[in-house]
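Working notes, beginning with the structure itself.
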Amino acid sequence: MKALSRREFLASTTVAAAVGLSAPALAQGAPRVVVVGGGFGGASAARALKQADPRIAVTLVETSRTFTACPFSNLVIGGLRELSAQQFGYDRVAAGGVEVVFATATGVDARARRVTLDSGAGLDFDRLVLSPGIDIRWNALPGYDEAAAEKMPHAWRAGPQTALLRRQLEAMEDGGVVVMAAPANPFRCPPGPYERASLIAHYLKTKKPKSKLILLDAKDQFSKQRLFQNAWKELYPDHLEWVSLSNGGKVTGVDASTMTLSTDFGSHKAAVANVIPPQKAGRIAEVAGVADQTGWCPIDPVTFESKLVPNIHVLGDATIAGGMPKSAFTANAQAKICAAATAKLVAGEQPEQPKLINTCYSVAAPDYGITVAGVYQPVNGVLTEVQGSGGVSPIDAPRSARAEEALYAAGWFNTITGEVFG
């Protein structure tokens, strides 16, 4: 065997070093990708990564053994669905080759590429994917803290709060007033407060007809506005009142002890109060340094890599994603693009320019569905809706069409939960 000269040796080690920098996992064995957060984004990303390249060692870190889905949880609040129908496990995710670790990620060392768990254990990664969802900005709304949420539930993370709000509605006397507070943008699921208001109004109309709901809003415009308002006019003229920002709808503070919500125009005393407060990216995003001063995470729209910390990707509700809304469908779509890009990056390849689809169903009554859809692509560093690609349900559609859309909504939920968790 020919001995290497000093020049040849230095050249070979320089090449090896360059390869190691561009794709460190390949020099050490199987690439390691850790995914934090097991919702529609994280679970989808973990499964898509294994499908994109089975050689990648994928670990999914999730706090709870049971995922409770937010889509359709408003039906639970309105007494039309049981909470158990919203709950899913991770057996099929694990069966697909993903290592599922039930723990809370408490720290991220981006330089050492290591995630710390609440157990004290650590997970090394070559790429990290964060899908942490949202956290509540406690006290951003004066008077609204974790204790207040036990009296005035937000129910914006599905689970115990969902059940609490339902119980409060069931216990309320006929004739009681329900008051909702909707926040300013951005927040998880832009049409969500208006779907919830519709379904609470449906509950009141059918179960407690002397009651009504007042929706106090920090905005003058909202998603699917004309469609929702037409539904309210048709279905709930005596049971739902929307108060816009311009008409004094912005809630400036709450008092849980007196069940009072205050605005610049006056105060509202509630028998039941649903306060949807300001939000931010889940805490691990802040810990990892990928959230900016807004509380949300700026990302590259091609790879979903953080613009603040290399080798960490962020997807779903936590992101600043341009025109793409925060929704379960969005998280699922972003997860697939992020997974494909991550698989290429760990292999030293260049990701492709993506196009992403979002479809959002809402139900204003059990037999009344409405939809908005859009296609998005990277433009000047942000996700931008492709002109002419989207649309909403026809404003003058007959009730039969609304009933069909309600069925499509149920079909969508079954399809996406089956794909992610089934």
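None of the figures in this text is laboratory data; all of them are computed from the coordinates on show. Fair warning: this is a prediction, and the values are worked out from it, not measured in the lab. FYI the Cβ positions are ideal-geometry reconstructions off the backbone, even for glycines, and counts take in every protein chain you see.
Considering only DSSP beta bridges whose two residues both sit in the chain, what percent are antiparallel, to the nearest 5?
On the way: 37 of 69 bridges.
So the antiparallel bridges amount to about 55 percent of the total.
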Dimensions (Å) - segment 146-278, Cα atoms, principal axes, largest first: 35, 31, 30
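May I ask you to give the average projected area over all directions of the convex hull of the Cα atoms of the chain, in nm² rounded to one decimal? Walk me through the numbers before you get to the answer.
Details: hull surface 94.0 nm².
For the chain, averaging the hull's shadow over all directions gives 23.5 nm².
Do any chymotrypsin sites (Phe, Trp or Tyr not before Pro) in segment 262-371 lie in a loop, going by DSSP, with at most 16 other beta-carbon atoms within 10 Å of their beta carbon, and if so which? Could you put the intermediate results ahead of the total?
Numbers: sites: F265, W296, F304, F329, Y361, Y368; in loops: F265, W296, F304.
Answer by residue number: F265.
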23 Å Cα-Cα reach of K269 towards lysines, excluding residues that sit fewer than 8 places from it in its own chain: K151, K205, K207, K208, K210, K212, K219, K250
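Near P398, within a Cβ-to-Cβ distance under 15 Å, what is the net charge of the other residues, with Lys and Arg +1 and Asp and Glu -1?
-3
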Using alpha carbon centroids, what distance separates segment 293-318 and segment 55-93, in Å? 24
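For segment 329-387, which GluC sites (Glu not before Pro) are in a loop by DSSP, counting at most 13 other Cβ atoms within 10 Å? Display every interim value, and only then the final one.
On the way: sites: E349, E352, E385; in loops: E349, E352.
Filter output for segment 329-387: E349, E352.
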Equivalent ellipsoid semi-axes for segment 349-411, as square roots of 5 times the alpha carbon gyration tensor eigenvalues: give them largest first, rounded to whole Å. 31, 12, 8
At 222 nm, what value in deg cm²/dmol follows for the chain if DSSP H runs of at least 4 each add -39500 (n - 2.57) and the sum is divided by all its residues, to the nearest 500? -10000 deg cm²/dmol
Positive end of the dipole of the chain, charges at C-beta (+1 Lys, Arg; -1 Asp, Glu), about the Cα centre: which of V34, P160, G411 has its Cα farthest in that direction? V34
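Mind putting a number on the dipole of segment 40-101 about its Cα centre? Charges go on the C-beta only, +1 for Lys and Arg and -1 for Asp and Glu, and I need it in Debye to the nearest 20. Don't jump to the answer; show the numbers that get you there.
On the way: 6 positive and 5 negative charges, 20 e Å.
Taking the Cα centre of segment 40-101 as origin, the dipole is about 100 debye.
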Using only Cα atoms, tell me the angle between helix 328-346 and the longest principal axis of the chain; keep it within 0 to 90° and round to the nearest 10. 10
In degrees rounded to 10, the 0-90 angle between helix 6-22 Cα long axis and the longest Cα principal axis of the chain is 10
Along the positive direction of the dipole of segment 179-221 (beta-carbon charges: Lys, Arg +1; Asp, Glu -1; about the Cα centre), which of T206, P183, Y194 reaches farthest? T206
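Using the Cα gyration tensor of segment 283-422, with a ≥ b ≥ c the square roots of its eigenvalues, what is the shape: rounded (a/c below 1.5), prolate (a/b larger than b/c) or oblate (neither)?
Working: a/c = 2.08, a/b = 2.02, b/c = 1.03.
In terms of gyration-tensor shape, prolate.
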Specify the angular offset, from 0 to 90 degrees and rounded to the nearest 10, of the alpha carbon long axis of helix 160-171 from the longest principal axis of the alpha carbons in the chain. 10
Over its alpha-carbon atoms, segment 204-319 yields an Rg and a Dmax in Å of 19.3, 57
Could you rank the peptides 92-99, 56-63, 227-234 by their average count of other C-beta atoms within 10 Å per residue, with the highest value first? 56-63, 227-234, 92-99
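Which percent of the Cα-Cα distances in segment 31-166 go past 21 Å? Intermediate values should be presented prior to the final figure.
Details: 4663 of 9180 pairs.
Considering segment 31-166, 51 percent of its Cα-Cα pairs are separated by more than 21 Å.
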Length gained, F265-V379, 0.36 nm per residue minus C-alpha separation, equals 36.9 nm
Quick one: check the C-alpha center-to-center distance for segment 373-392 versus segment 140-177, whole angstrom. 36
